[in-house]
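Here is the structure we will look at.
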Amino acid sequence: MPGGLTLAPPTRICPACGGSNEHEAVFCANPECHKALGDFKYVLEELRANVRWHERLADSVTAFIGRPQFLGIHAFWFAVWIVVNSGVVAVMSFDRYPFSLLGIVLTMETIFITGFVLISQNRESRHASKQAELDYEVNVLTYRKIHEIDARLDDIFNRLDRLEAKWQKPQ
């Protein structure tokens, strides 16, 4: 440039958060985003955008029942149920031993929890299938590109060998 001015390379704008990044950056510099920069589809975001309400509910329930708090709440609930219905405290019992109502409630809870877990697992299975499909596509594209580069290298080596042979021949 005249006058010794140089242009700074253009910055890359993250399509997810809109943050500015160095031109050579591969991932967004924003620690909360850290998405890959480039012309890629964000598959996880696409899949999350297409989640239906019952799948969101199933994921929330499944996430909760997978925590230790779920067991703690149930242990507390069972203890209170048994204490109240055993007559230990002077409260009117509504489910005498062998606690048939508790058994029915737990059976119904089990049915719903099983349904939520299955819905969540089916959705995650679809995600895993999509990821495997994308991995396969990337692998095929990479394989083709490597073979294309290998063919070009072979051509370059052949040309170099011919040039060397031509230069080494006594004239």
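The values are calculated or read from the model by the stated rules, or taken from the named source; none is laboratory data. Everything numeric in this text was worked out from a predicted model, so none of it was measured. No Cβ is skipped: glycine too gets one built from the backbone with ideal geometry, and neighbour counts run over all protein chains shown.
Please work out if I82 is part of a helix (DSSP H, G or I), of a type in the set (V, I, T) and modelled with pLDDT of 95 or more.
Here the answer is no, as I82 does not meet what is asked.
Name the single residue, out of those in the range 78-93 being farther than 18 Å from E109 by Cβ and not polar (S, T, N, Q), that is surrounded by the fewest Cβ atoms within 10 Å (Cβ to Cβ).
A90
Taking the condition under 23 Å from the mean Cα position of the chain (by Cα) and modelled with pLDDT of 80 or more, does A36 pass?
It is false that A36 is under 23 Å from the mean Cα position of the chain (by Cα) and modelled with pLDDT of 80 or more.
Right, T107: of a type outside the set (A, V, I, L, M) and either exposed (fewer than 11 other Cβ atoms within 10 Å of the Cβ) or farther than 30 Å from R48 by Cβ (or both) or not?
Criteria met by T107.
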